[in-house]
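J.: Supplied in structure tokens, the structure appears directly below.
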Amino acid sequence: MSTYVIRPADLGGSGPEDLLQAWSGHGRALVYDRCGIERLTRTDAVRHALDELATGQALADYVTRGRWATVAQGLVYGATVSQVAVAMGLDVDEVAAGLRSWADGQLAINLITPVLHDELQTLLTQGGAR
């Protein structure tokens with residue numbers, strides 16, 4: 001069985017509403033099939049499964065792509081690393097590693113200043129909230 005597989009990157013121009021609608025539609029088709037409400041062919045079931053995975057990942061990518069900038073802003077304005085970790089469902093080490101990686105990358109391409117980079121490193125070391 002040869003099936004074209006869509007990739008999350010193929011959906012990059014889609015907005016969140018379109019992604020959510022597509023993701024929901026694929027999931028609904030699979031649930032209806034599993035419950036015997038509306039049977040799918042094997043080919044259609046595979047297509048819906050793969051498309052649900054791709055659209056779900058594209059939606060997740062869309063809603064999380066600015067999160068490290070938001071983390072940085074939250075810390076600069078007084079949130080603690082612990083508060084950020086709770087809000088993200090991560091532990092403090094994951095937040096620190098993610099923000100350090102993001103900040104290093106942003107500094108390397110001049111999207112944040114060395115001053116902000118140093119401030120973020122200090123806030124991470126101190127746990128945030130000066």
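Coordinate-derived values only; no laboratory data. In this text, all values refer to a predicted model and were calculated from it rather than measured experimentally. Here the Cβ is made from the backbone with ideal geometry for all residues, glycine too, and neighbour counts use every protein chain on show.
J.: Inside segment 71-84, can you point out the residues that are exposed (fewer than 15 other Cβ atoms within 10 Å of the Cβ) and either closer than 13 Å to A103 by Cβ or in contact with a helix residue (DSSP H, G or I) (Cβ under 8 Å, 6 or more places away or on another chain) (or both)? Before you say what the answer is, go through the steps one by one.
T.: We begin by selecting, within segment 71-84, every residue exposed (fewer than 15 other Cβ atoms within 10 Å of the Cβ); these are 73, 76-78, 82.
Selection gives Q73, V76, S82.
J.: Can you tell me which residues in segment 85-130 are loosely packed, with under 15 Cβ neighbours inside 10 Å, of a type in the set (G, A, S) and in a helix (DSSP H, G or I)?
T.: A87, A97, S101, G105, A108
J.: Of everything in segment 13-32, what is closer than 21 Å to A45 by Cβ and either of a type in the set (S, T, Y) or in contact (Cβ under 8 Å) with a residue 60 or more places away in the chain (or both)? Give them in sequence order.
T.: S24, Y32
J.: Residue by residue through segment 3-48, note down the ones that are surrounded by 14 or more Cβ atoms within 10 Å (Cβ to Cβ), charged (D, E, K, R) and part of a loop (DSSP other than H, G, I, E, B).
T.: Correct list: empty.
J.: If you don't mind, another one. Within segment 49-69, how many residues are exposed (fewer than 15 other Cβ atoms within 10 Å of the Cβ) and more than 18 Å from V84 (Cα to Cα)?
T.: Selection size over segment 49-69: 2.
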